[in-house]
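In what follows, a single structure is set out as C-alpha cells and then discussed.
The values are calculated or read from the model by the stated rules, or taken from the named source; none is laboratory data. This one's a predicted model, so the numbers in the text were calculated from it and none came from an experiment. Counting neighbours? That spans all protein chains shown, and the Cβs are built from the backbone with ideal geometry, glycine included.
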Amino acid sequence: MSTIGDWNEAATELNTIVESFDEGEVSVDELFVKLERATVIIEELEARLDATRAKVEELAPRIGRVAEEQ
C-alpha cells in the first residue's frame, strides 16, 4: 500500500520538507520526523521508477513487433 500520494503530490511534499530545512528553524525532533518522511517518499518514488522502467522494458519489444506487422 502506498504511503504517498501521486507523483506530483509526493514531489510537492518533498520540496516542502527541503524548503523547511532551508529556513533553518527546525527543531531536532522535527528534523528527525521530516528526514524520516523524506526518506519514505524518496524510496517509494525510486520503487515506482523501477517498476515503470521494468514495464517499459517488457512492453517495448511487444510494441516493436506490432509496429513491424503494420
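Would a scan of the stretch 49-70 turn up a residue that is surrounded by 11 or more Cβ atoms within 10 Å (Cβ to Cβ) and touching a helix residue (DSSP H, G or I) at 6+ places or on another chain (Cβ under 9 Å)? No, that holds for no residue.
Taken over the stretch 12-35, residues that are of a type in the set (D, E, K, R) and surrounded by fewer than 10 Cβ atoms within 10 Å (Cβ to Cβ) amount to 5. Condition check: of a type in the set (A, V, I, L, M, F, W, C), within 22 Å of the chain's Cα centre (by Cα) and modelled with pLDDT under 90. Does Ile63 satisfy that? Here the answer is no, as Ile63 does not meet what is asked. Taking the listed residues Thr3, Thr39, the one that is surrounded by 10 or more Cβ atoms within 10 Å (Cβ to Cβ), of a type outside the set (Phe, Trp, Tyr), at pLDDT below 85 and under 20 Å from the mean Cα position of the chain (by Cα) is Thr3, with no other qualifying. For the stretch 1-35, a residue qualifies if it is farther than 19 Å from Leu49 by Cβ, acidic (Asp, Glu) and not in a loop (DSSP other than H, G, I, E, B), and the qualifying residues are Glu19, Asp22, Glu23, Asp29, Glu30.
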